[in-house]
Amino acid sequence: MKRALIIGSSGGIGSAICAALAARGTEVTGLSRSGHGLDVTDEASVAAHLGKLEGQYDLIFVATGALDIDGAQPEKSLKALTAKALADQFALNAIGPALVLKHAVRLLPRRDCAVFAALSARVGSIGDNRLGGWYSYRTAKAALNQILHGASVELARTHRALTVVALHPGTVETRFSADYADHNPTVSADAAAANLLQVIGGLKSADTGKFFDWQGREVPW
């Protein structure tokens, strides 16, 4: 039986991923802040929760993240930028997944195929940025992309069949994006989960270190 670890399992996408995998017969372990007290911004918390897990996982999926934190909404201009908003975004959207990956390496097989995936966002693409704004969130996601790409290079030396990827889920109908969908087409969390799992299912080890959208198309860095 396949085994999957979902970080952020109580969120819209995370819970949908858990349900979809369980329906396929996958043994799913879910961890979240609201359900288990996992704080991905606190390394001691990450180490403690992941340290209790045993065995190896075919998929580790990080579905944590936030667009606004403590009421700080995505900036429309430089005038709205604050040091706290930047630091908070980095802590949750870049440092958090990095800490998970650091402490999850021992749970990934060295020889067999496995995937470590984290939710990124197209707005984190530097090459695709034509609108500006959203400085804190964009920059944190760009940092996450660099962390994942760098880790893919390192881990390829010890985990030759491991694929490390960043994934853009599209605009999903969750509390996370409710205030920011605007006129963008949206999909349900269940549909997003199905799309992302289809992309994951088609990955090969040669795809490690890349950034894909929900349709399996590579997103520029």
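Observations on the structure shown:
- Only residues that are at pLDDT 95 or above, open to solvent by 10 Å² or more (accessible area, probe 1.4 Å) and closer than 16 Å to G14 by Cα were counted in segment 159-176, giving 2.
- Filtered residues of segment 102-131 (kept if assigned to a helix (DSSP H, G or I), touching a strand residue (DSSP E or B) at 6+ places or on another chain (Cβ under 8 Å) and more than 13 Å from N145 (Cβ to Cβ)): A104, L107
- Looking only at segment 88-130, and only at residues there that are touching a Ser or Thr at 6+ places or on another chain (Cβ under 7 Å) and among the small types (G, A, S), the one that is surrounded by the most Cβ atoms within 10 Å (Cβ to Cβ): G96
- Taking segment 185-221 as the range and being part of a helix (DSSP H, G or I), closer than 26 Å to R160 by Cβ, touching a residue at least 24 places away in the same chain (Cβ under 8 Å) and open to solvent by 40 Å² or more (accessible area, probe 1.4 Å) as the test, only S205 passes.
- Residue in segment 52-62 that is open to solvent by 60 Å² or more (accessible area, probe 1.4 Å), touching a residue at least 40 places away in the same chain (Cβ under 8 Å) and either more than 24 Å from A121 (Cβ to Cβ) or part of a loop (DSSP other than H, G, I, E, B) (or both) present: yes
- Checked against (1) open to solvent by 20 Å² or more (accessible area, probe 1.4 Å); (2) at pLDDT 95 or above, D70 meets all criteria but (2).
- The residues of segment 21-51 that are open to solvent by less than 40 Å² (accessible area, probe 1.4 Å) and within 17 Å of the chain's Cα centre (by Cα), listed by number, are L21, T29, G30, L31, S32, L38, D39, V40, V46, L50.
- Selection within segment 131-141 - open to solvent by 50 Å² or more (accessible area, probe 1.4 Å) and in contact with a Pro (Cβ under 7 Å, 6 or more places away or on another chain): W134
- Yes/no for K76 being open to solvent by 30 Å² or more (accessible area, probe 1.4 Å), outside any helix (DSSP H, G or I) and out of contact with any helix residue (DSSP H, G or I) (no Cβ under 8 Å at 6 or more places or on another chain): yes
- With respect to (1) part of a loop (DSSP other than H, G, I, E, B); (2) touching a residue at least 40 places away in the same chain (Cβ under 8 Å); (3) open to solvent by 40 Å² or more (accessible area, probe 1.4 Å); (4) within 20 Å of N93 (Cβ to Cβ), the lone exception for S10 is condition (2).
- Count of segment 1-56 residues, restricted to those that are touching a helix residue (DSSP H, G or I) at 6+ places or on another chain (Cβ under 7 Å) and acidic (D, E), is 2.
- Members of segment 52-81 found to be over 21 Å from T139 (Cα atoms), of a type outside the set (K, R) and over 17 Å from the mean Cα position of the chain (by Cα), listed by number: L53, E54, G55, Q56
The values are calculated or read from the model by the stated rules, or taken from the named source; none is laboratory data. Keep in mind that what you see is a predicted model, and the values were worked out from it rather than measured. Heads up, the Cβs are rebuilt from the backbone with ideal geometry, glycines too, and the neighbour counts pull from every protein chain shown. Protein only, heavy atoms only, side chains kept; ligands, DNA and RNA dropped before computing areas. Shrake-Rupley method; radii C 1.70, N 1.55, O 1.52, S 1.80 Å.
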